[in-house]
Each structure stands twice: as structure tokens, then as C-alpha cells.
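Contents: one structure, followed by commentary.
The values are calculated or read from the model by the stated rules, or taken from the named source; none is laboratory data. If you're wondering where the values come from, they're calculated on a predicted model, not measured in any experiment. Positions of Cβ are generated from backbone atoms using ideal geometry, with glycine treated the same way; all protein chains shown enter the neighbour counts.
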Amino acid sequence: MAGHSTVIIAYRRVREQSACRAATRDGYNAAMTRPMIGITVDNKDNTAESGQYESAIAYSRAVVGTGGAAVLLPHEADAVEHYVARLDGFVLTGGTDPRTEPFGEPTHVNARPMDARRQAFELTLLQHLASARPDTPVLGVCLGMQLMALHAGGRLHQYLPDVLQDAAVHQDNRLHAIECVADDSLVWDPVASGNVRPPLTHQVVSSHQQAVSDPATMRTVAMAPDGVIEAIDLPPSQRRFYVGVQWHPERMANGDDTSAQVNRTLFDRFVGACRPST
């Protein structure tokens, strides 16, 4: 009987140790789970036969660096519903200029029209998100913000030199000021800003020749001194995270200055909103 008891005790210890290891492993996995974030890409040669998908590395690094896992999204409209069902958030990246015929206006003669397949894919993605999973976080950058505005019923300044005397300040990765104007927007960072309430100014990097003129059902939350709309959103009370910025936060997310902190916080908040709730 003594031997039998020893076997039972040893068996129980093995089970307890296995359960402990499993609990530790499951807890570790839960803590280390990264939200899966879809990142839109460009089509380099605009052809399905010889084109190549490409994405600036800075987008993936910004997502991964703030705790996410980056998934690049080919322009396959048939896969949109599967992306929406399985991914935790989306970054609509920069690019050239939207084609505006689908929105009732001719495309400007000086526009650099984006790949039509990419435009159709990203608008389908936004529409499917709105209808199937409206609380899924979305961050639009440059072109991505413009597509968000168009999808919301808004309009664009299709060529900034037509409406601005010094439109060049928004091109070629130049540094310029923006002013945050809404203190409940996820664009505003109270820590980096020393808890100063908007309006307040930060420096950002831009590279665009078009801009949102009317955000429609979205709201303006940041502007440049010349009146260009620099950020739009749906308030956190309506959507968990639905933000578009005209500048490129992924290009200035490193460093200790206030602007880098603001850009880093923007990605922190986006990735945090994408994290599955437990």
C-alpha cells in the first residue's frame, strides 16, 4: 500500500506541475498576444501582370514597435470580408491622389491618380468595416485620410496650389506646424504637451499636393496655420479609434522631442485600441 500511495502522490505532483506550466504558458501567451493589423500597400507598376506590391518599412516598424503585428494587404476585393473578420485594425497608408470621378467630380489635370484597383479595394474595405465591424480601429495616413473623408461624403482640394499661395510647405517631406483643436481627440497627447489644452502647435512632416476641404460626417481636429485640414476623426464616443492624419507620423515616431512623442503616442493609442479585450 505504501508503494501505491507513493505512486499516487507522484502522479498528483506531475499533474500539478503540468497544470502550473500550462497556466504560466497561457498567461504568457495572453500577455504577449499582438493585435493583427492590416496595412494597405501600393502597386508599383499599376498592372496585375507585372506590378509589385510595396509598402514603406516605416509603417510596419511603427506598428510592431508599439506592440502590433503587421499584415500587408494585397488588393483582392474578394478577400475584404475575411480581412475584416480576422484582423484587429487597419492602417490606410499614403500614396498618390484619389480618382474623384466616383464621387461626382473630374480628376484634376495636375493630379497623380492612384492605382484604380487599390482605390476600389480600400473604399470597399472602409465600406465593409462600416457595415460589418464599425468599431474596428482605423488609422489613415495622408492618402488614407483623404479616402476616409471621401468615404464619409467629404470633398478634396484636388490641387493645393489652386487655393494656397505657399502650397510647397506641404510637399517633399517638409517640416511645418499643425494646431490641434480638439482636446477629446486621440490625436492630442496631454503628456507630451505638458497637459496644455488645445489649441496647441506641433511640428510634422508632410508630402502631399491635395487636402481635405470638407470632412463631411467626420470632424476636423487639427489644422495647419494656412487653413489646411491636418487631422480628422470620429469622436471616441462614436468609434473606438477612427482617425485620419494628413502628415506622416510613421516618419517622425523616433526621438525625444514633443513631435516624436505625439506621433509615437498616436500609434500607441491605435495599437492599444486594436488589442483584443480579455
Requested in this report: For the range 200-219, state whether one or more residues are at pLDDT 95 or above, within 19 Å of the chain's Cα centre (by Cα) and part of a strand (DSSP E or B).
Outcome: yes
Query raised in the report: Just checking, how many residues over the range 67-98 are among the polar types (S, T, N, Q) and at pLDDT 95 or above?
Result: 1
Report task. Those residues that are of a type in the set (D, E), surrounded by fewer than 19 Cβ atoms within 10 Å (Cβ to Cβ) and in contact (Cβ under 8 Å) with a residue 24 or more places away in the chain, I need them from the range 76-93; list them, please. Result -> E76, E81
Query raised in the report: What are the residue pairs meeting all of these: first residue in the range 216-244, first residue within 27 Å of R275 (Cβ to Cβ), second residue part of a loop (DSSP other than H, G, I, E, B) and among the aromatic types (F, W, Y), Cβ atoms under 7 Å, and 6 or more apart or on different chains?
Result: E230/W247
Requested in this report: Identify all residues within the range 36-61 that are closer than 21 Å to T96 by Cα, hydrophobic (A, V, I, L, M, F, W, C) and at pLDDT 90 or above; write none if there are none.
Outcome: I39, V41, A56, I57, A58
Report summary line: Listed by first then second residue, the pairs whose first member lies in the range 113-137 and is in the same structural domain as Q210 (by TED's automatic domain parsing), whose partner is hydroxyl-bearing (S, T, Y) and part of a helix (DSSP H, G or I), with beta carbons under 9 Å and at least 6 positions apart or on separate chains, are L125/Y83; H128/Y83
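With the structure loaded, tell me whether Y53 is surrounded by fewer than 19 Cβ atoms within 10 Å (Cβ to Cβ), touching a strand residue (DSSP E or B) at 6+ places or on another chain (Cβ under 8 Å) and among the hydroxyl-bearing types (S, T, Y) or whether it fails that test.
yes
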Requested in this report: Please work out which one of (1) part of a helix (DSSP H, G or I); (2) at pLDDT 80 or above is the condition P235 fails and give its number.
Outcome: (1)
